[in-house]
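I have placed the structure first, in the form of structure tokens, so that the comments after it can refer back to it.
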Amino acid sequence: MTPLAKKLARRITKSGPIGLDAYMQTCLADPEYGYYTGSARPAGGPIGRDGDFTTAPEISQMFGELIGAWCADYWQTHCQNVPLHIIELGPGRGTLMADIERTVGRAIAGLDIHLVETSGELRKTQAKALHGCTPEWHDNLSTLPDGPAIFIANEFFDALPVRQFERGPSLWRERLVDYDNATNKFTFCLGPEAQQDALSDPRFAKFRSGDIAEVNAPSKAIASQIGQRIGRDGGAALFIDYGYRSKPGTIATGDTFQAITGHSYVDPLAEPGTADLTAHVDFSALAVAARHGAAALDVWGPIGQGDFLKRLGIESRAETLCRHAAPAEIATALNRLTSARQMGSLFKVLALCGANGKDSARENMTPAGFSEEDRFAWY
């Protein structure tokens, strides 16, 4: 058993089964043995070829350059003559922000970088990647400076802890994580009847016996904070992640909880603390949460990452890079980022844009990479 498995086993044996959200939070963020935050974490970090998974910025500089170009374009169009604050949530190894800074720095002076990161080890890695800059780190959104800003969240929301509920013949019960002392394994079990406030959305009434619903309260809370901030102060946000868009009037069913280590999927209840735990992102839930209480806010998407990058000119950028680097490697990276069989469709992009001040001219508000048809339809 891993040290974290022993710690969790003692906790469950003493106090009973825990929610999936508590299990995820502990596995990822335990101060001693957490996947991201643990002091005993192996050297090298989780991201990259030698880690457990590879994110888009690690695949090619083209991704970060185009996100940087998007930021510069939006700022010059809608937020001129004010300092540019760029805020990244979960900045990984700092690769994306380094590419953004290099691109934006060519067009806008005085870039102010803020990174929301709780891992001390990752902060060190980010500092090395951004050695020519002076970023400011934050544990959460509460200490960020006021004023217009652009928020970037790439593969951030998928790692926030979810709760799962299973529909019975007449009631909902929460899926919990238990520990079996006889087999020394973690297992799923069902708790007592779920409290109604956890499933207050009337769309849950359409579920059938045996269906599983995932609820991600932390994601919705953060999206709401960012939406209200942008609606009040101006600016924009890009949420890029893998997930789905709920159909109007519905909530998607199914268990999307998963674990990956060594670039392979593994049992998420085995070897706690050694694998990245995630769940697919419900982009419609993020959009609705962001818009709630933020009247001066417009939302676009979600659209596929492949379409978004192509509209921003990734194919032309790839052609340019081929003149100075290995064409085969660039072609492979382009395909991986944009192909529907790779990251192009599963990964999606959602944009939040402030509709106050200069941004109030709605006809000029459609951000790069989107069309008017991509404006999010509220329900």
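In a Gaussian network model over the chain where Cα atoms closer than 10 Å are linked, find which of S284, S246, S170 has the largest mean-square fluctuation.
S170
Restricting things to Cα coordinates, could you compute the convex hull volume per residue of the chain in Å³?
On the way: hull volume 54.9 nm³, N = 379.
Here the figure is 145 Å³ per residue.
How do M1, M24 line up, fewest other C-beta atoms within 10 Å first? Don't skip to the end; give the middle numbers.
On the way: M1 13, M24 25.
If I rank by nearby Cβ atoms, fewest first, I get M1, M24.
Quick check on the exposure proxy: order H114, H263 from fewest to most C-beta atoms within 10 angstrom. Can you show the working numbers first?
Numbers: H114 22, H263 10.
Least to most surrounded, the residues fall as H263, H114.
For W137, what charge total do you get from the other residues with a beta carbon under 9 Å from its beta carbon, if Lys and Arg give +1 and Asp and Glu give -1? Write down the numbers at each step before the final one.
Values: positive: R123; negative: E117, E136, D139.
Net charge in that neighbourhood comes out at -2.
Give me the percent of DSSP beta bridges within the chain that run antiparallel, rounded to the nearest 5. Mind dumping the intermediate values first?
Numbers: 36 of 57 bridges.
Approximately 65 percent, going by the DSSP bridge assignments.
Using Cα springs under 10 Å in a Gaussian network model of the chain, which residue among A290, A340, A109 shows the largest mean-square fluctuation?
The residue that fluctuates most here is A109.
Output the Kirkwood hydrodynamic radius of the range 98-187, Cα pairs only, in Å rounded to one decimal. Display every interim value, and only then the final one.
On the way: mean 1/r = 0.0575 Å⁻¹.
One over the average 1/r among Cα pairs gives 17.4 Å for the range 98-187.
Helix-only mean residue ellipticity at 222 nm, the chain, DSSP H runs n ≥ 4 weighted -39,500 (n - 2.57), per residue, nearest 500. What is it?
On the way: 11 runs with 119 residues, N = 379.
Result for the chain, helices only: -9500 deg cm²/dmol.
By count of other Cβ within 10 Å, fewest leading, how are K348, K310 ordered?
Values: K348 24, K310 18.
Fewest-to-most Cβ neighbours within 10 Å comes out as K310, K348.
If I take all pairs of Cα atoms in the range 255-337, what percentage of them are more than 22 Å from each other?
On the way: 1977 of 3403 pairs.
Result: 58 percent of Cα pairs exceed 22 Å.
Taking θ = phi - 60°, what integer Hz values does the Karplus form 6.51 cos²θ - 1.76 cosθ + 1.60 yield along the range 336-342, in sequence order, with x for Gly and Pro?
Using θ = phi - 60°, the values come out as 5, 6, 10, 5, 5, 7, 10 Hz.
Would you work out which of S284, Y265, T125 lies farthest towards the positive end of the dipole of the chain? Charges go on Cβ: Lys and Arg +1, Asp and Glu -1.
Y265
With a point put 7 Å past each Cα toward its Cβ, work out how far R123 is from N184 in nm, to one decimal.
It works out to 3.7 nm between the two label points.
Dipole of the range 3-374 (Lys/Arg Cβ +1, Asp/Glu Cβ -1, origin at the Cα centre): which of F165, G344, T26 lies farthest to the positive side?
Checking the options against the dipole of the range 3-374, the answer is F165.
Laboratory data are not the source of any read-out in this text; all were calculated from the coordinates shown. Computed from a predicted structure; not experimentally measured. Please note: Cβ atoms are built from the backbone with ideal geometry, for glycine as well, and neighbour counts cover all protein chains shown.
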